[in-house]
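Notes to accompany the following structure.
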Amino acid sequence: MKKLIILLLFVSQVAFGQSTSRQYLGLSAGPSFPLEDFKKNILSDSTSGFAKTGFAISFNYTYRFTHNFGMELLINYSTNALDNTSYKNALEAEHPDYGVSIESTKNWSSGGIFIGPYLRFPLGDKLTWDIRALGGYFGAYSPNATIRTTNKNDLNDKGEYYLVSSRASNFGYVIGTGFKYRVNSSYYALLHGDYTSSTVKFKDSSGWDWDGQPYNNPFSQNINYMTVTIGVGYVL
């Protein structure tokens with residue numbers, strides 16, 4: 001009987017401990033590093049995104065089913081400016097008789113809502129290592145930019161051209177890892193590294209091209225970036 005009482009007390013303590021720490025909310029922010037085609041700055045390659053390092057923010061909710069396994073909901077956002085300098089240099093190399101200036105008024109912006117499993121590996125009483133693989137909705141806006149040109153041999157020969165922002169969406173995924181450090185019974189310190197990827201097609205891409213003609217040409221863009229974020233988590 002005594003052993004049974006001890007066993008029941010132990011089980012109730014474990015159950016209580018799990019019920020108070022099975023769920024938490026997290027908010028984190030940090031730099032967003034464009035990768036692959038998204039970072040590429042080759043004018044003749046239509047897959048080039050000319051994206052610069054930007055800023056990312058993410059919100060996540062996790063529910064742990066067992067000691068090492070759970071599900072996670074992630075909402076993220078990244079803003080990455082157009083690399084005006086690289087774009088300018090590429091245009092001037094393509095049109096050596098012209099000087100070019102570029103003013104971008106809207107960045108690449110993207111993000112989504114993702115859900116999927118995560119694994120949890122305790123590294124001590126307070127520190128855990130998490131791995132997550134999530135999929136879901138991904139949306140993006142292309143940048144806005146004004147391109148001004150001046151003929152070096154005829155200063156009266158000037159042009160003004162536009163890239164007009166458009167919106168696209170598709171399936172995307174996030175693969176990431178991170179650490180949680182329990183500060184006290186209510187809060188965690190968070191450190192995450194995540195790779196986000198999607199290929200979106202901008203159907204309403206429009207503007208005025210080098211020949212002064214309006215265009216409306218759809219294009220596809222691979223958007224891939226790595227974020228490194230720090231933040232705080234709250235135990236529910």
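Summary of computed values
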| quantity | calculated |
| --- | --- |
| Inter-probe distance in nm under a simple model that places probes 7 Å from Cα toward Cβ, at T53 and I75 | 2.8 |
| Chain lengthening between K201 and D45 when straightened (0.36 nm per residue, less Cα-Cα) | 54.6 nm |
| Extension gain (nm, one decimal) between E36 and S169, 0.36 nm per residue minus Cα-Cα | 46.0 nm |
| Virtual spin-label span in nm between Y61 and A93, 7 Å along Cα→Cβ | 4.8 |
| Cα lying deepest toward the dipole's positive end in the chain, options V200, W129, I75, charges on Cβ | W129 |
| Cα-based shape type of the range 23-235, given that a ≥ b ≥ c are square roots of the gyration tensor eigenvalues and the cut on a/c is 1.5 | prolate |
| FRET efficiency estimate (nearest 0.05) - Cβ-Cβ, L155 to F219, R0 35 angstrom | 0.60 |
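Read-outs throughout are calculated quantities, based only on the coordinates presented, and are distinct from any laboratory measurement. Bear in mind that the values here come from a model prediction, so they are computed numbers and not experimental data. Positions of Cβ are generated from backbone atoms using ideal geometry, with glycine treated the same way; all protein chains shown enter the neighbour counts.
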